[in-house]
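Q: Got a structure for you, questions after.
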């Protein structure tokens, strides 16, 4: 249970283990871009299994670099800022972090969008609607937003920050709603309620809040609403398949849910057969892995880190939630002790713990409830 570990440890673990899982799932690009999931599992086994992997040999990918950027903007604006201050800080951090992308395989959408923001002088966070902006680049960096705004009374704020930060680069509902799912589930993990099996049902309800926020924002409303249903329908179908659409009961999995069966399933829920590469299925596959794994880090890795899709993104998201639930419990130290940027991630976890739940000074008129 979440309550078994101190909350501050869980905050640090959320940040650190997300980075560690990203690094392991990425493996210098060898596993992220390997479409043969079974061969990845064979390689892991030949290396001695998950517990024998030493993360010092695995650099982080663009996912962690951008997650760091998000967390640093949240921390540096603190609790004495307006939403505008926060959004402009995020723009600045996203532009700057592109200088740290050598060998980390940044996504095309993130690169082109941050270039656009830079050309706009860093004075606005709004870019045009993008019909091709449904990738997972907004989801992979949003978990820390749930650490900053974890409480139920902050849900409107959580929605606003994820929609706006997400569409800074991925201005398409499939993209930025992935960010909302990643952050919302992190907030659920921090609270320890509702049960993990009910998280998906909670997301379906919060999607209605997000839709109302987008309408009130009066920015590219028609385009956003025209492309809204894909994310919603994909998630509804997944939750129905697992038997947890209403948030009750236990998820239903195939009797044999081995690597080959998972590969087919991950591909089936994806946009173009590459599991985890879009905003809807990166958190979906991460959630599937978490539901299967329970409190087993090794099983989480088996299901969520190593597959023939966007493995580092599903890994980063799943491990963030797992860390927010269970801290560092039973995680092999070799999996995270030598992690690149571990100190930065740890300190950000500590600072987000201190900032958790604190209001901002001024809010957005698009919020339904002022914080």
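The values are calculated or read from the model by the stated rules, or taken from the named source; none is laboratory data. What you see is a predicted model, and the numbers here were worked out from it, not measured in a lab. As a convention, Cβ positions derive from the backbone with ideal geometry for all residues, glycine included, and neighbour counts pool all protein chains shown.
Q: Which is touching a strand residue (DSSP E or B) at 6+ places or on another chain (Cβ under 9 Å) and under 28 Å from residue 53 (Cα atoms), of 277, 296?
A: Criteria check complete, one pass: 277.
Q: Here is a list of conditions, (1) crowded, with 19+ Cβ neighbours inside 10 Å; (2) under 21 Å from the mean Cα position of the chain (by Cα); (3) without any contact (Cβ under 8 Å) to a residue 60 or more places away in the chain, and residue 100 meets all of them except one; can you say which number that is?
A: (1)
Q: Could you tell me whether segment 283-304 includes any residue that is crowded, with 17+ Cβ neighbours inside 10 Å, at pLDDT 95 or above, part of a loop (DSSP other than H, G, I, E, B) and in contact with a helix residue (DSSP H, G or I) (Cβ under 7 Å, 6 or more places away or on another chain)?
A: No.
Q: Can I ask one more? Filter segment 172-193 down to residues that are at negative phi and not in a helix (DSSP H, G or I) and give me whichever is surrounded by the most Cβ atoms within 10 Å (Cβ to Cβ).
A: 172
Q: Follow-up. Checking the conditions here, which among 236, 260, 264 is more than 26 Å from residue 38 (Cβ to Cβ) and in a helix (DSSP H, G or I)?
A: Only one candidate qualifies: 236.
Q: Of all residues in segment 131-150 being assigned to a helix (DSSP H, G or I) and farther than 24 Å from residue 105 by Cα, which is farthest from the chain's Cα centre (by Cα)?
A: 148
Q: Among the candidates 215, 234, which residue alone is within 25 Å of residue 171 (Cα to Cα), surrounded by 16 or more Cβ atoms within 10 Å (Cβ to Cβ) and either touching a residue at least 24 places away in the same chain (Cβ under 8 Å) or over 20 Å from the mean Cα position of the chain (by Cα) (or both)?
A: Going through 215, 234 in turn, the sole match is 234.
Q: Considering each of 271, 265 in turn, give the residue that is in contact with a strand residue (DSSP E or B) (Cβ under 8 Å, 6 or more places away or on another chain), at negative phi and surrounded by fewer than 23 Cβ atoms within 10 Å (Cβ to Cβ).
A: None of the other options fit; the residue is 271.
Q: Let me ask something additional. Find all pairs meeting these conditions: Cβ atoms under 7 angstrom apart; at least six residues apart or on different chains; first residue within segment 354-371 and at positive phi; second residue modelled with pLDDT of 65 or more and not in a helix (DSSP H, G or I).
A: The qualifying pairs are 357/150; 357/151.
Q: Could you check segment 194-208 and list, in sequence order, the residues that are farther than 17 Å from residue 280 by Cα and either crowded, with 17+ Cβ neighbours inside 10 Å or in contact with a helix residue (DSSP H, G or I) (Cβ under 8 Å, 6 or more places away or on another chain) (or both)?
A: Within segment 194-208, 194, 196, 197 meet the criteria.
Q: Under 21 Å from the mean Cα position of the chain (by Cα), in a helix (DSSP H, G or I), under 22 Å from residue 18 (Cα atoms) and touching a residue at least 40 places away in the same chain (Cβ under 8 Å): does that describe residue 206?
A: Spelling it out, it is not the case that residue 206 is under 21 Å from the mean Cα position of the chain (by Cα), in a helix (DSSP H, G or I), under 22 Å from residue 18 (Cα atoms) and touching a residue at least 40 places away in the same chain (Cβ under 8 Å).
Q: OK, next. Please verify whether segment 146-157 includes one or more residues that are under 22 Å from residue 276 (Cα atoms), modelled with pLDDT of 95 or more and out of contact with any strand residue (DSSP E or B) (no Cβ under 6 Å at 6 or more places or on another chain).
A: yes
Q: How about segment 103-130: which of its residues are buried (at least 17 other Cβ atoms within 10 Å of the Cβ) and part of a helix (DSSP H, G or I)?
A: Scanning segment 103-130 gives 109, 110, 113, 114, 117.
Q: Still on this structure, I have one more. Give the residue, chosen from 63, 85, 79, that is more than 19 Å from the chain's Cα centre (by Cα) and either in a loop (DSSP other than H, G, I, E, B) or crowded, with 20+ Cβ neighbours inside 10 Å (or both).
A: The conditions single out 79.
Q: Kindly provide the set of residues from segment 314-331 that are crowded, with 17+ Cβ neighbours inside 10 Å and assigned to a loop (DSSP other than H, G, I, E, B), ordered by number.
A: Once the filter is applied, which keeps residues that are crowded, with 17+ Cβ neighbours inside 10 Å and assigned to a loop (DSSP other than H, G, I, E, B), segment 314-331 yields 327, 328, 331.
Q: Pull up segment 151-171, narrow it to residues that are under 16 Å from the mean Cα position of the chain (by Cα) and not in a helix (DSSP H, G or I), then point me to the one that is surrounded by the fewest Cβ atoms within 10 Å (Cβ to Cβ).
A: Among residues in segment 151-171 that are under 16 Å from the mean Cα position of the chain (by Cα) and not in a helix (DSSP H, G or I), the one surrounded by the fewest Cβ atoms within 10 Å (Cβ to Cβ) is 168.
Q: Follow-up. Got a sec? Which of 308, 249, 273, 338 is under 12 Å from residue 17 (Cα atoms) and in a loop (DSSP other than H, G, I, E, B)?
A: Answer to the selection: 338.
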